[in-house]
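This report refers to the structure that appears directly beneath it.
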Amino acid sequence: MVRGGPRLDHGRRRELGQSFQDGGKHYQRVRPGYPAESAQWLVPAGARDALDVGAGTGKFTELLLAAGLAVTAVDPSADMLGQLTAHYPDATAVLGTAEATGLPAAAFDVATVAQAWHWCDPLAASTELARVLRPHGTLGLVWNQLDTSVPWVHRLSRIMHAGDVYKPDHRPVVGPEFGHLEGHVTHWQDLVSTRDLMELTKSRSYYLRAGETTRAKVLTNLDWYLHEHLGHADDEDLELPYLTLSWRAVKA
């Protein structure tokens with residue numbers, strides 16, 4: 001049901017993931033949040049303590065806090081966590097990774113990984129997150145994807161090198177510590193300007209890792225597509241269709 005990012009070997013995954021170490025302020029400003037429905041579906045009844053792994057600047061942390069949970073947010077980037085702490089001071093921010101959180105065993109009812117599972121080693125991360133979850137705790141995996149079933153969005157994703165390809169038969173890899181994997185899709189729209197879309201492109205790993213020539217080409221093509229081909233005015237607001245793909249599994 002979700003592609004969950006590119007198929008990468010461990011070295012390439014780490015190399016691309018490093019592109020998010022800095023630029024937290026820009027990421028917080030331009031990346032979309034998540035629909036409340038995704039958190040409502042993931043969080044089990046009676047949950048009190050949540051771990052948000054790969055939390056970044058707190059886009060999903062916000063929903064967990066709004067649900068009344070005590071939230072610990074883990075990320076390998078101090079820059080990202082600085083933004084999270086500034087915006088969501090009620091969360092506890094911890095430097096760490098999905099494979100090595102450094103947190104106590106059996107401390108959480110739910111562990112979420114939003115827009116980050118494809119940067120993890122899924123088997124090592126499953127082992128670690130099962131360790132910090134209480135018996136029958138829930139693992140939640142979340143991805144925002146552009147709704148490429150909409151023709152203009154499909155072409156936009158190609159120009160942005162967004163890599164958002166919806167595959168209904170795909171299931172994310174989780175370790176044997178978890179069972180009863182099930183998925184959920186939320187359709188929604190994010191209000192963005194054409195300028196926001198230019199900035200959103202600059203937050204993508206492809207752009208961040210590209211050379212100056214490639215970056216300039218991407219932005220030139222995007223400017224042409226939005227303002228000449230589609231005919232939008234400079235900084236015009238658009239409704240950008242998204243899918244949020246959520247998965248949950250129970251600690252065996």
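The values are calculated or read from the model by the stated rules, or taken from the named source; none is laboratory data. In this text, all values refer to a predicted model and were calculated from it rather than measured experimentally. Virtual Cβ from ideal backbone geometry, glycine too; neighbours counted across all protein chains shown. What goes into the accessible areas is simple: the full protein's heavy atoms, side chains included, and nothing from ligands, DNA or RNA. Shrake-Rupley method; radii C 1.70, N 1.55, O 1.52, S 1.80 Å.
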Query raised in the report: Within segment 152-173, can one find any residue that is in contact with a helix residue (DSSP H, G or I) (Cβ under 7 Å, 6 or more places away or on another chain), without any contact (Cβ under 8 Å) to a residue 60 or more places away in the chain and of a type in the set (A, V, I, L, M, F, W, C)?
Result: yes
Query raised in the report: Restricting the search to segment 203-224, which residues are closer than 12 Å to HIS161 by Cα, at pLDDT 90 or above and small (Gly, Ala, Ser)?
Result: ALA210
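Here are THR148, THR127: which of them is in a loop (DSSP other than H, G, I, E, B) and of a type in the set (S, T, N, Q)? Before the answer, list the steps.
Working: THR127 fails: in a loop (DSSP other than H, G, I, E, B).
That would be THR148, the only listed residue that is in a loop (DSSP other than H, G, I, E, B) and of a type in the set (S, T, N, Q).
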**Report entry** Every residue from segment 98-117 that is touching a residue at least 24 places away in the same chain (Cβ under 8 Å) and open to solvent by 30 Å² or more (accessible area, probe 1.4 Å)
**Finding:** GLU99, ALA100, PRO104, ALA105, ALA106, GLN115
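Just for helices (runs of 4 or more DSSP H) wholly inside segment 176-252: which have at least 2 residues that are out of contact with any helix residue (DSSP H, G or I) (no Cβ under 6 Å at 6 or more places or on another chain) and over 30 Å from GLU37 (Cα atoms)? If you could, list the steps in order and put the result at the bottom.
On the way: elements: 194-202, 205-209, 212-223.
Because the criterion is at least 2 residues that are out of contact with any helix residue (DSSP H, G or I) (no Cβ under 6 Å at 6 or more places or on another chain) and over 30 Å from GLU37 (Cα atoms), the helices (runs of 4 or more DSSP H) in segment 176-252 that meet it are 212-223.
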